[in-house]
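In what follows, a structure is listed as structure tokens, so that the remarks can point back to it.
The values are calculated or read from the model by the stated rules, or taken from the named source; none is laboratory data. Computed from a predicted structure; not experimentally measured. No Cβ is skipped: glycine too gets one built from the backbone with ideal geometry, and neighbour counts run over all protein chains shown. Surface accessibility is based on the protein's heavy atoms, side chains included, excluding ligands, DNA and RNA. Shrake-Rupley method; radii C 1.70, N 1.55, O 1.52, S 1.80 Å.
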Amino acid sequence: MKINGKRVLITGGSSGIGLALAHVLLAKGAKVAISGRRPDVVAEVVRSLQTNSAEIHGIAADVATAEGRTATLEQTLAVLGGLDVLVNNAGGVRAGRLENTGEAELLAMIDVGLTAPILLTRAALPVLRESGDAAVVNVSSAIALVGAPFYATYAAVKAGLAHFGEALRRELKGEGIHVLTIYPGGTDTPMMKSNRAGAELGFSREPASAVAEAIVEAIESGRNEVIRGGEARAQMIALNRENPSAVDDQFAGLKPALEQAVKDHSAL
């Protein structure tokens, strides 16, 4: 896909990977709409992205609600005149032991990270079909490939999103809409600020800009997935597939320190 001139909607585009992706896409000539829940933040980000050549629009809406999804899509079509690329990037996390996590927090993760992408994609499919050269980009997580303790629901949400994308890619193959799944590892974003786990606990971090560059390259080349984390991540994924008990044992030794480091990790 050629990015120049493409009309792109990025949910959760006012910070982190979404914001970094907006920067890269605008630099390549895309027309971009970003959505976020906080009107003041969205407006400030749009001002920061505006240049003489950039076409950037902000939409203040919560995609975790039916009203927010409707507003997001309607406003996107109003300002962009159509849609070629939908990036399902909005998400939220609450780490900790399952029995200590409130039902409202569990449901919030599911609503924004899984239900919203599925329903927003369904609503957007007719306009994506009109493009003839369209894409859906789902930002999952490396935790979808190797589940980590104290992230049970988040892992379920991200794995669900990944398999939604895989199945939908096959459903839409040959119909002018490609589906790409992204598996970021630890990324230096506001969402990770309350996570105190470091590389020694498996939470090394890379700049959001590096993830964004990889996403755009994958859109351009028509790849099916992007898995970040390098060789170390690839080895862990392979071990988890071939000998999951060995991964269980690795995490068992890290559990006390990991639980302490992530007990306050919350971004909902």
Based on Cα coordinates alone, diagonalise the gyration tensor for the range 69-191, multiply each eigenvalue by 5, take square roots, and list the semi-axes in whole Å, largest first. 28, 16, 12
About the Cα centre of the chain, what is the dipole size in debye to 20, counting +1 per Lys and Arg Cβ and -1 per Asp and Glu Cβ, all else neutral? 280
Determine, at each q value in 0.13, 0.22, 0.31 (inverse angstroms), the log₁₀ of I(q)/I(0) that the Debye formula gives when each Cα of the range 44-96 is one equal point scatterer. -0.42, -1.00, -1.28
When you have a sec, figure out the Kirkwood radius of the range 1-119 from all distinct Cα pair distances and drop it here in Å to one decimal? 14.7
In percent, what relative contact order does the chain have, based on Cα pairs under 8 Å that are 6 or more apart in sequence? 20
Mind checking the range 8-116 for trypsin sites (Lys or Arg not before Pro) that DSSP puts in a loop (not H, G, I, E or B) and that have at most 11 other Cβ atoms within 10 Å? Arg97
Between Lys31 and residues 5 or more places away or on another chain, the pairs with built amide H atoms under 5 Å apart involve Gly5, Lys6, Arg7, Val8
Provide the gained length on full extension for the span Arg196 to Ser48, in nm with one decimal, where the gain is 0.36 nm per separating residue minus the Cα-Cα distance. 50.4 nm
Semi-axes in Å, largest first, for the range 60-124 (Cα gyration tensor, √(5λ)) are 28, 10, 9
Of the listed pairs Lys193/Lys255; Lys158/Lys255; Lys28/Lys193; Lys158/Lys193; Lys173/Lys193; Lys2/Lys173, those with alpha carbons more than 27 Å apart are Lys28/Lys193; Lys173/Lys193
Residue-normalised value, i.e. accessible area per residue, for the chain at 1.4 Å probe, in Å², stands at 46
Rounded D (µm²/s) - the range 120-210, Kirkwood Rh over Cα pairs, Stokes-Einstein at 20 °C, 1.002 mPa s: 145
Descending principal axes extents, the range 173-268, alpha-carbon based, whole Å: 48, 34, 23
Carbon/sulfur accessible area of the range 30-102, % of total, 1.4 Å probe, equals 46
Given the protein chains as shown and a 1.4 Å probe, how many square angstrom of Tyr183 are accessible, to the nearest 10? 20
Alpha-carbon centroids, the range 40-65 and the range 217-268: separation in whole Å: 32
Per residue, what volume in Å³ does the convex hull of the Cα atoms of the chain enclose? 120
Residues whose built amide H sits under 5 Å from the amide H of Ala135, excluding neighbours closer than 5 in sequence, are Val85, Leu86, His178
